[in-house]
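Heads up, the thing below is written out as structure tokens.
The values are calculated or read from the model by the stated rules, or taken from the named source; none is laboratory data. Note that this is a predicted model, so its numbers are computed, not measured. Note that we place each Cβ from the backbone using ideal geometry, even for glycine, and neighbour counts take in every protein chain shown.
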């Protein structure tokens, strides 16, 4: 194993980012604790036609945790400090607001709060547009508290031809934030595998 990561999927559009992260991280042998919100399951079905049963079958090695399980070990700072990081992808504006203001209605909110107080790397992959002043203020709050705020904004300098390349660019940038080596996208002025 390369370490432990908490991956959370909320009800924002763009659940394919969380799904792709799950594919990539499990292929790299990371130990994943997965928390999907009730809205996240709805959007997984709507956008990808994936059910909980489908994920359980595809990823038997993943530790699935209910968003209602506040007694989960990852709700404790003494346990979460052993993790490489927390990724919320996609992160809904409601989840952002809860984490920014220290309020908890589910395990995802609690994990976000604990990650901030314990200085565990946390990445919030936002998929919303445009941003209101409330959204921006909440982003500033969590950024000041130590979170990485990342909009799902793919680059185009690598001249993508397929949607998968755009998805992998965003997922690759998320992995970069956790300092996880990967080959999901071509880096700036990179040719033939040589980084210049």
Practice problem: Name, by its number, the condition in (1) under 20 Å from residue 36 (Cα atoms); (2) buried (at least 16 other Cβ atoms within 10 Å of the Cβ); (3) in contact with a helix residue (DSSP H, G or I) (Cβ under 7 Å, 6 or more places away or on another chain) that does not hold for residue 141. | Solution: (1)
Practice problem: Check region 117-127 and report whether any residue there is farther than 19 Å from residue 24 by Cα, out of contact with any strand residue (DSSP E or B) (no Cβ under 7 Å at 6 or more places or on another chain) and part of a helix (DSSP H, G or I). | Solution: yes
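Taking the conditions exactly as written (touching a strand residue (DSSP E or B) at 6+ places or on another chain (Cβ under 6 Å), touching a residue at least 60 places away in the same chain (Cβ under 8 Å), within 26 Å of residue 77 (Cα to Cα) and surrounded by 21 or more Cβ atoms within 10 Å (Cβ to Cβ)), does residue 178 satisfy them or not?
It is false that residue 178 is touching a strand residue (DSSP E or B) at 6+ places or on another chain (Cβ under 6 Å), touching a residue at least 60 places away in the same chain (Cβ under 8 Å), within 26 Å of residue 77 (Cα to Cα) and surrounded by 21 or more Cβ atoms within 10 Å (Cβ to Cβ).
Would you check which residues across region 68-96 are farther than 18 Å from residue 125 by Cα, in a loop (DSSP other than H, G, I, E, B) and touching a strand residue (DSSP E or B) at 6+ places or on another chain (Cβ under 8 Å) and list them?
Correct list: 72, 82, 83.
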Practice problem: Collect the residues in region 174-196 that are farther than 26 Å from residue 115 by Cα and either assigned to a loop (DSSP other than H, G, I, E, B) or modelled with pLDDT of 90 or more (or both), keeping them in residue-number order. | Solution: 183, 184, 185, 186, 187, 188, 189, 190, 192, 193, 195, 196
Quiz item: If you take the residues in region 29-53 that are part of a helix (DSSP H, G or I) and touching a residue at least 24 places away in the same chain (Cβ under 8 Å), which one is nearest to the chain's Cα centre (by Cα)?
Solution: 40
Exercise. Tell me which of these residue 92 doesn't satisfy, since it passes every other one: (1) in contact (Cβ under 8 Å) with a residue 12 or more places away in the chain; (2) surrounded by fewer than 21 Cβ atoms within 10 Å (Cβ to Cβ); (3) more than 22 Å from residue 3 (Cβ to Cβ).
Key: (2)
Practice problem: Look at residue 56 and say whether it is touching a strand residue (DSSP E or B) at 6+ places or on another chain (Cβ under 7 Å), surrounded by fewer than 19 Cβ atoms within 10 Å (Cβ to Cβ) and assigned to a helix (DSSP H, G or I). | Solution: yes
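Does region 163-173 contain at least one residue that is in contact with a strand residue (DSSP E or B) (Cβ under 7 Å, 6 or more places away or on another chain), part of a loop (DSSP other than H, G, I, E, B), modelled with pLDDT under 95 and closer than 21 Å to residue 16 by Cβ?
As a first pass, look at region 163-173 and keep what is in contact with a strand residue (DSSP E or B) (Cβ under 7 Å, 6 or more places away or on another chain): 173.
Cutting the leftovers down to part of a loop (DSSP other than H, G, I, E, B) gives us none.
Among the residues of region 163-173, not one is in contact with a strand residue (DSSP E or B) (Cβ under 7 Å, 6 or more places away or on another chain), part of a loop (DSSP other than H, G, I, E, B), modelled with pLDDT under 95 and closer than 21 Å to residue 16 by Cβ, which makes the answer no.
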Quiz item: Is it true that residue 18 is surrounded by 14 or more Cβ atoms within 10 Å (Cβ to Cβ), in contact (Cβ under 8 Å) with a residue 40 or more places away in the chain, part of a helix (DSSP H, G or I) and in contact with a strand residue (DSSP E or B) (Cβ under 6 Å, 6 or more places away or on another chain)?
Solution: yes
